[in-house]
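The values are calculated or read from the model by the stated rules, or taken from the named source; none is laboratory data. As the structure is a computational prediction, the values presented were derived from the model and not from experiment. Every residue, glycine as well, gets a Cβ built from its backbone with ideal geometry; the counts of neighbours run over all protein chains shown.
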Amino acid sequence: MIKEVEFRNISKGIVDTETKGIDQFRELAEQSLKMFTQRRQTIKQIITHDDKAEIEVDYEGTLATNLPNGMKAGDTIKLKGKSIFRMKNNKLIMIEDYS
């Protein structure tokens, strides 16, 4: 069980979302499900080294709700980014998403 996992979303160099522990991560994931009617991530490249994996990803999602930044339900978000995964003792301990 992943109990000590940390998650950070970094957008334009600023951490805008952060969780510590599996319960906070699960809560964020469940909230995110409600924000989109559909989502797709396409992995473009995977790089692995020791306890770290990095993926380059194209992301596209259709909003289910209006956002504070002015985007409306039905609008499509398209991002290019990367995710970094770190392991310790064969367990996932950290995820960082960059866009």
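Cβ-Cβ contacts under 9 Å between residues 6 or more apart (or on different chains), taken from a first residue in segment 68-90 that is without any contact (Cβ under 8 Å) to a residue 60 or more places away in the chain and of a type in the set (Asp, Glu) to a second residue that is surrounded by 10 or more Cβ atoms within 10 Å (Cβ to Cβ) and in a strand (DSSP E or B), are listed as ASP75/THR62; ASP75/LEU63.
Checked against the criterion of being hydroxyl-bearing (Ser, Thr, Tyr), closer than 20 Å to THR76 by Cβ, at pLDDT 95 or above and touching an Asp or Glu at 6+ places or on another chain (Cβ under 8 Å), segment 33-52 has at least one qualifying residue.
Checking GLY74 against (1) part of a strand (DSSP E or B); (2) modelled with pLDDT of 95 or more, only one condition comes out false. Which one? Among (1) part of a strand (DSSP E or B); (2) modelled with pLDDT of 95 or more, GLY74 violates only (1). Residues that are part of a strand (DSSP E or B) and surrounded by fewer than 13 Cβ atoms within 10 Å (Cβ to Cβ) were ranked within segment 46-66; the one that is farthest from the chain's Cα centre (by Cα) is HIS49.
The single residue among PHE25, PHE7 that is modelled with pLDDT under 95 and aromatic (Phe, Trp, Tyr) turns out to be PHE25.
Note on segment 2-23: residues that are touching a helix residue (DSSP H, G or I) at 6+ places or on another chain (Cβ under 7 Å), closer than 19 Å to ASN89 by Cβ and not aliphatic (A, V, I, L, M) total 2. If only residues of segment 20-43 that are touching a residue at least 24 places away in the same chain (Cβ under 8 Å) and in a strand (DSSP E or B) are counted, the one that is surrounded by the fewest Cβ atoms within 10 Å (Cβ to Cβ) is GLN38.
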